1. In segment 111-150, which trypsin sites (Lys or Arg not before Pro) fall in coil by DSSP and have 16 or fewer other Cβ atoms within 10 Å?
2. What is the sum of charges around Glu24, taking Lys and Arg as +1, Asp and Glu as -1, for the other residues whose C-beta is under 12 Å from the C-beta of Glu24?
3. Amide H to amide H under 5 Å from Glu61: which residues, 5+ apart in sequence or cross-chain, H placed 1.01 Å off N in plane?
4. Along Cα→Cβ, 7 Å out, is where each label goes; now give me the distance between the ones at Ala75 and Glu184 in nm to one decimal.
5. Which stretch or stretches of segment 143-167 have amide N atoms under 12 Å from the point lying 7 Å from Val118's Cα along the Cα→Cβ direction?
6. How large is the dipole of segment 68-209 about the Cα centre if only Lys and Arg carry +1 and Asp and Glu carry -1, each at its Cβ, rounded to the nearest 20 debye?
7. Out of Ser138, Leu14, Ser185, whose Cα points farthest toward the positive end of the dipole of segment 2-194 (charges: +1 Lys, Arg; -1 Asp, Glu; placed on Cβ)?
8. Each residue of segment 143-157 in order: what ³J(HN,Hα) in whole Hz does its phi give by Karplus 6.51 cos²θ - 1.76 cosθ + 1.60, θ = phi - 60°, with x for Gly and Pro?
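What follows draws every value from the coordinates through simple rules; no lab data is involved. Remember, it's a predicted structure, so these values are computed and weren't measured experimentally. Reconstructed Cβ throughout: ideal geometry from the backbone, glycine too, with neighbour counts over all protein chains shown.
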Amino acid sequence: MVGGHARGIGKTALVVDVIRAFPEAGWAAVKISPHGHGAWPEQGAAADGAPAELATVLEEEKDPGKCTDSARYLAARALRSFWLRTREGHLAAGLAKLETALRGDENLIIESNAVLEVLRPQLCLMVLDPSVSEFKDSARRWLGCVDAFVTRGPLKGVGWQGVADQIAGSKPVFEQRMGEPLPESLLVLIRNRLFTPVHPPTTREHLPG
């Protein structure tokens, strides 16, 4: 899983880098948008409060040349790519759709913070950009579940009130500026965590809290 503290800080770029670094994994890649992002009109049958089957939209991307995040996954050589959009409160229903669509796929990479509400991934990476002051509540909530941080610059002197101390020294931190290759030490972490038999598979357990 790849999450981040704000928009536009390179979460998709990190997913793309991981896919490219391990093409032999045969990735299925998923972008999750927990608030719809234009999937439904303001009025109509799929409004908030509609049945769960009308409150989730799952689309499989087929064209790697399109200007979408899910197309970038395919261009990076993911075998399959999906965009899941859900109404608030319907993430579990959306993941049930996704689970059906992914039958037979072995290795899954998800771009989302919200998925931690219902999944326990084998590896959770969070992207941090010290130049962006915003820190999403969803990112704050799940800081304790992060396995490692990937920063877009030095963290020294960041002003994220209430979270900076939780980040500093608590988990591995890998600096990767936009456009740079993945640090070798991060590649080692990913390889050891995901592609050795000692780690348990991802489960749909609810996390504490």
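1. Lys136
2. +2
3. It is Ser81, Phe82, Trp83, by chain and number.
4. About 3.0 nm separates the two model spin labels.
5. It comes to no residues whatsoever.
6. Roughly 220 debye for segment 68-209.
7. Checked the options; the winner is Ser185.
8. 4, x, 8, 6, 8, 7, 10, 10, 9, 8, x, x, 8, 4, x
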